[in-house]
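Beneath this line is the structure, given in structure tokens, with notes to follow.
None of the figures in this text is laboratory data; all of them are computed from the coordinates on show. Computed from a predicted structure; not experimentally measured. Cβ: placed from backbone, ideal geometry, glycine included. Neighbour counts: every protein chain shown.
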Amino acid sequence: KPNCVFVCVFLQTILVGDSGVGKTSLLVQFDQGKFIPGSFSATVGIGFTVSFLFQIWDTAGQERFRSVTHAYYRDAHALLLLYDITNKASFDNIRAWLTEIHEYAQSNVVIMLLGNKADMSGDRAIRRDEGERLAREYSVPFMETSAKTGVNVDLAFTAVAKELKHRA
Ligand code: GDP
Ligand code: MG
């Protein structure tokens, strides 16, 4: 019998949001500390990386993959919900994503709303206070991030980890 058990707990985190909002780029920035321009069109369904304490699942935003992602919602400890601050539709769809999350995820899941592409504020379609207001409505924390410059990327994941620790 083992007298020492090593328990490795991954914080299962899922990146959710419309296609093109920057989920894969955010993951690459967090994991490798760099921005690789261009779409990661090869992201099909779900990919993941294990980084520090996080096991992060990157999802494809397209409707046709949703049945794949439902199964992963159940095991998620945290969900990073992304929209693109230059893309109003991706912001408007946040409500639909939240409806889906509330349907499939565990009730105590940590959710964080991220307005990504903060470096493109010249092309902004959604003001910061609109993001803040939506986040308040759903009682979730909010941040604007940039997968390009890295602004708030580490902070977002740290905030999720703190919230999970707080709830444990
Ligand atoms: P996904 O479909 O949500 O995984 O989005 P991708 O990570 O593939 O990114 C879609 C496009 O947006 C790509 O051209 C990225 O280079 C670009 N992109 C992603 N994040 C940012 C960001 O923070 N700033 C800028 N300027 N472009 C970004
Ligand atoms: Mg992707």
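Things to note:
- Segment 93-168: radius of gyration and largest Cα-Cα distance (Dmax), Å: 13.2, 40
- The fewest-to-most ranking of Leu15, Leu81 by surrounding Cβ atoms within 10 Å reads Leu81, Leu15.
- For Ala125, the residues whose amide H sits under 5 Å from its own are Thr86, Asn87, ignoring neighbours fewer than 5 places away on the same chain, with H placed 1.01 Å from N.
- Here segment 67-122 is assigned +1 on the Cβ of each Lys and Arg and -1 on the Cβ of each Asp and Glu. Its dipole about the Cα centre then comes out at about 60 debye.
- Which listed pairs, of Lys23/Lys88; Lys34/Lys165; Lys117/Lys165; Lys117/Lys148, have C-alpha distances above 19 Å, in listed order: Lys34/Lys165; Lys117/Lys165
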